[in-house]
Amino acid sequence: METSRNVFEESVTLKQAKKLVQCMAHEQSFLLVSAPGVGKSEMVYQAAEEAGLPCRSLLGTQIAPEDVSGIPRIVGERSVFCPPRLLLPEKPEPFCLFLDELPACAPDIQKAFYSLLLERRLGEHALPTGTWVVAAGNRTVDRALVRAMSSALVNRVTILHLRVDPDEWQAWAAKNKIRADVRNFVAHMPDALMRPVPSEPVPFSTPRAWSLFSRALDMAEASGILNRETRRALAFGRLTAEDAAVFCALAEERIGAMRAIEDYVETPDLLPKTDAARWFVLNCIRQHVRDGRLIHVKPRTINKFLRSLPAESQLTLVTDLVDKWGALGADKAMLELLKKVTDL
């Protein structure tokens, strides 16, 4: 399923999607679309649990058409299709039907879902009143296992494009016992929560990856085997290499609790002395500038901070953000940097 820039602009967070599902999934079918590892499946299970509905799931890549339409049997002189118990339980009570990896289904299986998604029917059998129908899948742009979906299928569902919200994830992480060092790292580097899917089949950072990495660290620590080597093996085996390297370097250097980013800008001497920790803090400052979170800092302080840094560090901070730094009043410091690097 192709996704354009405009589609991303109309995305919703997991929390927003959950409210929409709980509000109208008993009448309208949804297809949740995002990159891998965002947490679509867990959100659906949680939404159903909160609504008091049992959740039954079908994995699109592991079913055949008869798993949807049912198997025929002869009743009198007619054939009657008997739908599977998973889709039509013996007790006519509402439930949440979760169709995972729907865009990965073969065309004949997608076709078998037509009446289920639109009419809430399996042949001549209607789903129990109040039953939810929610599907999920990945995007072709993320090189996941996705097939083209027919226009007939697309027109039967409301497609919600999901995005990761760092604040929502932090609230979830605190409730689900994600390690403090993991939460702190993501809090100061929110871009690390969800990295673009790489072109090669290598690990990359997602909310799911950080959650599993946290659990792996807990188990290794409880077994007494967590050291430099095992931490690095677990990090590089689960996360984007850049995130893994910085996370491990910070853990090994033990820089302690982070101060407020404004403190480092106002007092550059507070910057860590070791390379990895220093780069980490400078990257956090860069993200604050990009997101407009330093607009309250006086231009004099901004210029003083930039001038206190080596030229290579200044270049790291201002690259692609010249307009943002200019809006903070850093024109003088940037002009001096330009003269220095061009020998003018």
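Give me the helices (runs of 4 or more DSSP H) completely within the range 166-259, filtered to those with at least 3 residues that are within 16 Å of the chain's Cα centre (by Cα) and surrounded by 14 or more Cβ atoms within 10 Å (Cβ to Cβ), ordered by residue number.
166-175, 180-188, 207-222
Taking the residues in the range 95-125 that are among the charged types (D, E, K, R) and in contact with a Ser or Thr (Cβ under 7 Å, 6 or more places away or on another chain) as candidates, determine which candidate is surrounded by the most Cβ atoms within 10 Å (Cβ to Cβ).
Only one residue fits best here, namely E101.
Among all residue pairs at least 6 apart or on different chains, which show Cβ distances below 7 Å where the first residue, located in the range 250-270, is within 16 Å of L294 (Cβ to Cβ) and the second is modelled with pLDDT under 85 and surrounded by fewer than 15 Cβ atoms within 10 Å (Cβ to Cβ)?
Every condition considered, the pairs that remain are L270/R259.
Within the set of pairs 6+ apart or on separate chains, which have a first residue in the range 308-329 that is in the same structural domain as C284 (by TED's automatic domain parsing) and touching a residue at least 60 places away in the same chain (Cβ under 8 Å), a second that is among the basic types (K, R) and surrounded by 15 or more Cβ atoms within 10 Å (Cβ to Cβ), and C-beta atoms under 6 Å apart?
Hits for this filter: zero, empty list.
Inside the range 122-149, can you point out the residues that are at pLDDT below 80 and over 24 Å from the mean Cα position of the chain (by Cα)?
The answer is L122, G123, E124, H125.
Pick from the range 261-274 the residues that are surrounded by 18 or more Cβ atoms within 10 Å (Cβ to Cβ) and in a helix (DSSP H, G or I): which of them is modelled with the lowest pLDDT?
Top of the filtered list is I261.
Return a yes/no flag: does the range 260-275 have any residue that is under 19 Å from F204 (Cβ atoms) and in contact with a Lys or Arg (Cβ under 7 Å, 6 or more places away or on another chain).
Within the range 260-275, none of the residues are under 19 Å from F204 (Cβ atoms) and in contact with a Lys or Arg (Cβ under 7 Å, 6 or more places away or on another chain).
For residues in the range 150-161 being under 19 Å from D108 (Cα atoms) and either outside any helix (DSSP H, G or I) or not assigned by TED's automatic domain parsing to the domain that holds M24 (or both), which is modelled with the lowest pLDDT?
Ranking the candidates gives S150 first.
Across the range 44-64, what is the total count of residues that are under 18 Å from the mean Cα position of the chain (by Cα) and surrounded by fewer than 21 Cβ atoms within 10 Å (Cβ to Cβ)?
2
Considering the range 316-337 alone, what residues qualify as being surrounded by 14 or more Cβ atoms within 10 Å (Cβ to Cβ) and part of a helix (DSSP H, G or I)?
Hits for the range 316-337 are T316, L317, V318, K324, W325, A327, D331, K332, A333, M334, E336, L337.
Restricting to the range 275-295, name every residue that is in contact (Cβ under 8 Å) with a residue 24 or more places away in the chain and either assigned to a loop (DSSP other than H, G, I, E, B) or more than 20 Å from L309 (Cα to Cα) (or both).
Result: G292, R293, L294, I295.
Among the residues in the range 294-302, are any loosely packed, with under 14 Cβ neighbours inside 10 Å and under 22 Å from P190 (Cα atoms)?
For the range 294-302, residues loosely packed, with under 14 Cβ neighbours inside 10 Å and under 22 Å from P190 (Cα atoms): present.
I need the full set of residues from the range 14-35 which are outside any loop (DSSP other than H, G, I, E, B) and within 15 Å of the chain's Cα centre (by Cα), in order please.
Correct list: L14, K15, Q16, A17, K18, L32, V33.
The values are calculated or read from the model by the stated rules, or taken from the named source; none is laboratory data. A quick note: this is a predicted structure, and the numbers were derived from the prediction, not measured. As a convention, Cβ positions derive from the backbone with ideal geometry for all residues, glycine included, and neighbour counts pool all protein chains shown.
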